[in-house]
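To start, the structure itself, in structure tokens.
The values are calculated or read from the model by the stated rules, or taken from the named source; none is laboratory data. Bear in mind the structure is a predicted one, so any value in this text is a computation, not a measurement. As a convention, Cβ positions derive from the backbone with ideal geometry for all residues, glycine included, and neighbour counts pool all protein chains shown. Side chains included, ligands, DNA and RNA excluded: accessible areas come from the protein's heavy atoms. Shrake-Rupley method; radii C 1.70, N 1.55, O 1.52, S 1.80 Å.
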Amino acid sequence: MIRFAMLRHGHTAWNRAGQIQGSTDIPLDDQARADLGGFCLPEGWRDVDLYSSPLDRAAETARIVARRAPITVDAITEMDWGDWEGRKGVELKADPANGFRDIEDWGWDYRPPNGESPRDVWARIEPWLMGLRQDSLAVCHIGIMRMVLAKAHGWDFEGPAPFAVKRNRLFLVEIEGGALRVSDPDIVRLEKVTP
């Protein structure tokens, strides 16, 4: 059995403005860097294999909280939102003609125009994830975390999600025999750095 932990990257200007980032490489903002500097990985997770998305916001988050450089992995790049990247979700939602939907109405085949569906994203994550051979931690994106947690919880993107992805927490799953399950505990908080 292998434990796999995921940490969401820190805030960016687009996060704070409610813009969809997707695979667009938006950096952390200065406040995120300052906030992340006050945290470190919890005991038991400091020496595991460390990975991140190649997008700068994830790789920099990893360097700040782990105090070392991650191995970047293309498979865990954020979902591509195609024509909707840079747009605000609230504005897209206001126009029902464009097909924008809330996550609980996606299903695995929901696809933004010229973007990726959850099924597409899982198809690129799964081979990498199932190839891990020891406990690992990935600093990545909410979309990647949603795909992995959906599989672990058996959720099909229909109805309310059985989890809420928050920052400054590790979300844990276990991998065994090609199957994913929610770990116990399933969430571990980052530790605050004592001055």
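Key figures
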{"quantity": "Subset of segment 73-104 that is surrounded by 15 or more Cβ atoms within 10 Å (Cβ to Cβ), assigned to a helix (DSSP H, G or I) and among the hydrophobic types (A, V, I, L, M, F, W, C) - its residue that is farthest from the chain's Cα centre (by Cα)", "calculated": "Leu92"}
{"quantity": "Segment 12-34, subset assigned to a helix (DSSP H, G or I) and touching a residue at least 40 places away in the same chain (Cβ under 8 Å), residue most open to solvent (accessible area, probe 1.4 Å)", "calculated": "Trp14"}
{"quantity": "Residues (among the small types (Gly, Ala, Ser) and within 18 Å of Val188 (Cβ to Cβ)) located in segment 131-161", "calculated": "Ser136, Ala138, Ala152"}
{"quantity": "Residues within segment 150-169 that are free of Cβ contacts under 8 Å to residues at least 60 places away in the same chain and either open to solvent by 50 Å² or more (accessible area, probe 1.4 Å) or part of a helix (DSSP H, G or I) (or both), tallied", "calculated": "10"}
{"quantity": "Given (1) part of a loop (DSSP other than H, G, I, E, B); (2) open to solvent by less than 30 Å² (accessible area, probe 1.4 Å); (3) farther than 19 Å from Thr77 by Cα, index of the condition Ser183 fails", "calculated": "(1)"}
{"quantity": "Every pair of residues 6+ apart whose Cβ atoms lie under 7 Å, when the first sits in segment 77-88 and is closer than 24 Å to Leu7 by Cβ while the second is at pLDDT 95 or above and open to solvent by 30 Å² or more (accessible area, probe 1.4 Å)", "calculated": "Thr77/Ser23; Thr77/Pro54; Glu78/Ser23; Met79/Glu116; Asp80/Ser23; Asp80/Glu116; Glu85/Thr24"}
{"quantity": "Matching residues, segment 1-11, being in a strand (DSSP E or B) and over 13 Å from the mean Cα position of the chain (by Cα)", "calculated": "Ile2, Arg3"}
{"quantity": "Which listed residue is surrounded by fewer than 17 Cβ atoms within 10 Å (Cβ to Cβ), small (Gly, Ala, Ser), under 29 Å from Val48 (Cβ atoms) and modelled with pLDDT of 95 or more, from Gly107, Gly131, Gly143, Gly177", "calculated": "Gly131"}
